[in-house]
1. I'd like the full set of residues that are surrounded by fewer than 19 Cβ atoms within 10 Å (Cβ to Cβ), within 12 Å of another protein chain (Cβ to nearest Cβ) and out of contact with any Gly (no Cβ under 7 Å at 6 or more places or on another chain), limited to the stretch C:2-19.
2. Looking at B:A189, B:A166, B:A198 in this structure, which one is in contact with a Ser or Thr (Cβ under 6 Å, 6 or more places away or on another chain) and surrounded by fewer than 18 Cβ atoms within 10 Å (Cβ to Cβ)?
3. Residues that are more than 14 Å from chain A (Cβ to nearest Cβ), in contact with a helix residue (DSSP H, G or I) (Cβ under 6 Å, 6 or more places away or on another chain) and within 28 Å of A:V100 (Cα to Cα): does the stretch B:75-87 have at least one?
4. What residue, among those in the stretch B:96-110 that are over 25 Å from A:L158 (Cα atoms) and surrounded by 19 or more Cβ atoms within 10 Å (Cβ to Cβ), is nearest to the other protein chains (Cβ to nearest Cβ)?
5. Starting from the stretch C:18-43, take each residue that is free of Cβ contacts under 8 Å to residues at least 40 places away in the same chain and under 14 Å from C:K2 (Cβ atoms) and list its partners that are assigned to a helix (DSSP H, G or I) and among the aliphatic types (A, V, I, L, M), counting only C-beta distances under 7 angstrom and pairs at least six apart or across chains.
6. Here's a check for you: in the stretch A:210-246, which residue that is away from chain C (no Cβ under 14 Å) and among the acidic types (D, E) is surrounded by the fewest Cβ atoms within 10 Å (Cβ to Cβ)?
7. Can you tell me which residue among A:A10, A:A47 is more than 14 Å from chain B (Cβ to nearest Cβ), touching a residue at least 12 places away in the same chain (Cβ under 8 Å), buried (at least 16 other Cβ atoms within 10 Å of the Cβ) and part of a loop (DSSP other than H, G, I, E, B)?
Amino acid sequence: MIAEASANLAIELNGVTRRFGKATAVDDLTLRIPQGHTFGLIGPNGAGKSTTIKLLMGILRPQVGYVRILGIDVFAEPSRMKKRVGYVPEVPQMYRWMRVGELIGFCRAFYPTWNDDECARLLDLFALDTGKKVRHLSKGMAAKLSLVLALAHDPEVLILDEPTSGLDPLVREEFLDGVLGAVCKHQRTVLFSSHALEDVHRLADTVGLLYEGRLLLHRGVEELLTSARRIRAVLRDGCLPRYEPPGLVWQHIERREWMLTVSEFTPDLLQTLRKENDLEHLEVMGLNLEELFKDFVKGRKKTT
Amino acid sequence: MTTLLWKDYRLNRGLLLLGIVLLLGPYAAECVLVLYGRWPSWPAAADWSARLLDASFFSLVLSQLTLAVLAGNSIAAERAERSAEFLACLPPSRLQILASKLLLVLLAAGAIWVVHLSITDWVVPTMGTPVASSWEQWGPRSTFVAGTVMLFGASWLGSAVLNSPASATILGIAVALVGGPLLAQVVWALFTSGAREALPFCGMIVGLSVGLLCFLSGSACFLCRAEP
Amino acid sequence: MKIDPSSHVPIYLQIVGEIRAAIDAGVFRPGEMLPSLRVLAADLRVNPNTVQRAYDELEREGIVLPRRGVGLFVADRDTRSARGEAEKTVLAAFQRGVQVGQDAGLPPERIRAVFDQALDQALRKGRTRS
């Protein structure tokens with residue numbers, strides 16, 4: 001029963017905790033991503049994004065909880081899972097002494113679904129020279145090769161860890177084109193962690209914000225942008241806010257200015273805010289992903 | 001599997017080349033010496049066989065270093081250059097990865113013994129030199145093999161738990177040259193009547209058990225760990 | 001067509017705006033087919049689901065019409081206009097209402113509140129199709 005439900009999920013982390021000594025990198029994380037979805041994982045440095053991805057790939061074992069990809073337990077059947085997953089790590093650690101062609105031949109042997117035509121097409125698209133040694137590839141070239149290796153076997157799930165970090169703008173575009181091609185493939189699931197929130201806005205259906213190993217939010221990107229708002233109010237002399245709206249993410253009071261960010265804005269909320277507080281002025285503004293990210297983290301920092 | 005073996009061969013190509021030099025070098029050196037000694041006349045068969053026997057001894061001993069380095073390199077090298085992480089995210093199971101590394105070392109060991117035995121048990125007797133009886137040969141040989149097993153096992157364990165191939169090899173050599181013989185002496189003192197003949201037998205037992213134990217622990221470490 | 005991924009406006013709304021502007025400017029003529037989902041998504045470097053959402057919105061507004069199995073086509077001026085004209089009339093009525101409110105000295109929040117009140121009343125009476 002559980003296995004059946006899990007099979008419809010591409011990625012499932014259930015109550016996963018991973019500690020390193022006294023520090024908890026991932027804290028009781030539950031994340032379910034259905035097939036065909038594109039999920040963007042964002043969060044400050046040290047939030048646990050890379051740890052989460054390593055847990056997904058089975059190169060770290062959680063102390064609590066389980067990890068399933070395509071219904072397969074990652075630690076019980078790692079080989080079976082890896083044949084259907086493409087992975088692009090943050091820093092590719094491919095065999096530096098191999099030539100590009102040799103590396104492709106090496107990886108090709110392990111995947112029954114390897115597509116030579118697709119591989120050739122991608123090598124051509126990224127202008128990769130098969131005779132070049134991996135150690136002589138530039139950072140951008142190595143990143144692109146890493147993507148080719150992940151895509152050439154037609155994976156059902158694609159996992160990318162900060163794929164465009166450190167790449168120049170031109171290479172980033174090429175890389176995004178490659179990933180987009182993957183996103184377009186029917187029923188292919190993509191999970192990527194990124195600091196480039198613009199990339200997340202472009203590519204992701206849903207976004208998850210990780211902070212100190214916990215998921216602060218998990219919502220559709222466009223839904224989030226449509227329903228979150230920043231409100232700027234001016235308080236009447238000597239007055240403090242009496243009523244805080246539901247879904248308050250973050251607030252800050254300086255002199256008479258009261259700035260607050262809410263995650264579920266409605267005109268009613270505004271009405272109530274006005275009614276219950278002594279306000280002189282009220283202004284509503286939209287927020288982009290970067291501002292939302294900062295406000296959610298700031299709001300969380302205040303409470304902890 | 002062949003792909004993994006190819007990769008491990010390429011990773012260790014330099015060491016295998018060194019191994020060939022250590023294996024065949026003594027023979028080449030002895031040949032030069034015997035020719036130089038008898039120049040301008042051609043050396044007699046007896047000279048050749050004596051020299052070849054000497055060479056075979058040195059070759060075998062030097063090749064133990066090859067095995068220690070190969071074993072020490074096997075797991076730790078990939079971990080040191082981070083490619084272990086790349087490999088861990090590919091489909092092959094940890095068992096397959098380990099088996100390929102083991103196979104390479106076994107093939108190298110096999111090659112060393114084939115060369116050694118061909119010289120001592122085939123080439124040299126063909127030259128007419130009488131060879132010691134089977135029992136007399138295989139007694140010390142068994143002890144020697146046990147020593148190799150201990151050397152290999154300790155280096156293998158070092159490779160699985162330590163971070164540098166060099167440390168793993170040093171561990172292997174330390175165990176084989178110091179730890180093992182000491183342990184053998186202790187076992188001989190404690191469990192035997194004190195007869196001289198029992199010492200190599202103790203050495204053999206100690207070598208095989210320590211070697212096997214180290215090999216199994218090292219393999220278990222690698223197989224049970226999730227981290228590359 | 002350009003979209004700004006750092007904007008607070010969701011990309012699908014940006015696309016809707018861009019296409020609407022392009023149609024108004026005459027870049028797209030009535031009867032012409034909009035770019036296919038994949039092509040536009042690849043061009044703009046966005047998730048195809050986003051383009052789908054934009055296209056759904058345009059269809060909902062009556063600006064484009066679907067032709068089964070082929071694609072989305074720009075609606076002719078009349079079809080668009082009918083919807084557009086109605087919206088223009090409403091806009092004019094609202095602008096007058098806002099003017100009345102401002103003349104009466106009401107601040108913008110009060111004017112908005114009064115509008116909400118009127119809409120709520122109409123919805124309760126069931127006169128407006130929601």
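The values are calculated or read from the model by the stated rules, or taken from the named source; none is laboratory data. Since the model is a prediction, treat every value here as computed from it, not as a measurement. Here Cβ is always computed from backbone atoms with ideal geometry, including for glycine, and neighbour counts include all displayed protein chains.
1. Once the filter is applied, which keeps residues that are surrounded by fewer than 19 Cβ atoms within 10 Å (Cβ to Cβ), within 12 Å of another protein chain (Cβ to nearest Cβ) and out of contact with any Gly (no Cβ under 7 Å at 6 or more places or on another chain), the stretch C:2-19 yields C:D4, C:S6, C:S7, C:L13.
2. Numbers: B:A189 fails: in contact with a Ser or Thr (Cβ under 6 Å, 6 or more places away or on another chain); B:A166 fails: in contact with a Ser or Thr (Cβ under 6 Å, 6 or more places away or on another chain).
Sole residue among the options that is in contact with a Ser or Thr (Cβ under 6 Å, 6 or more places away or on another chain) and surrounded by fewer than 18 Cβ atoms within 10 Å (Cβ to Cβ): B:A198.
3. Yes - at least one qualifying residue is present in the stretch B:75-87.
4. For the stretch B:96-110, the residue satisfying everything is B:S100.
5. Cβ pairs passing all conditions: C:L40/C:V51.
6. Ranking the candidates gives A:D237 first.
7. After applying the criteria, what remains is A:A47.
Here is a yes/no grid of residues against (1) crowded, with 20+ Cβ neighbours inside 10 Å; (2) farther than 30 Å from A:K298 by Cα; (3) under 18 Å from the mean Cα position of the chain (by Cα):
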{"position": "A:L123", "(1), (2), (3)": "no, yes, no"}
{"position": "A:L149", "(1), (2), (3)": "yes, yes, no"}
{"position": "A:E156", "(1), (2), (3)": "no, yes, yes"}
{"position": "A:S193", "(1), (2), (3)": "yes, no, yes"}
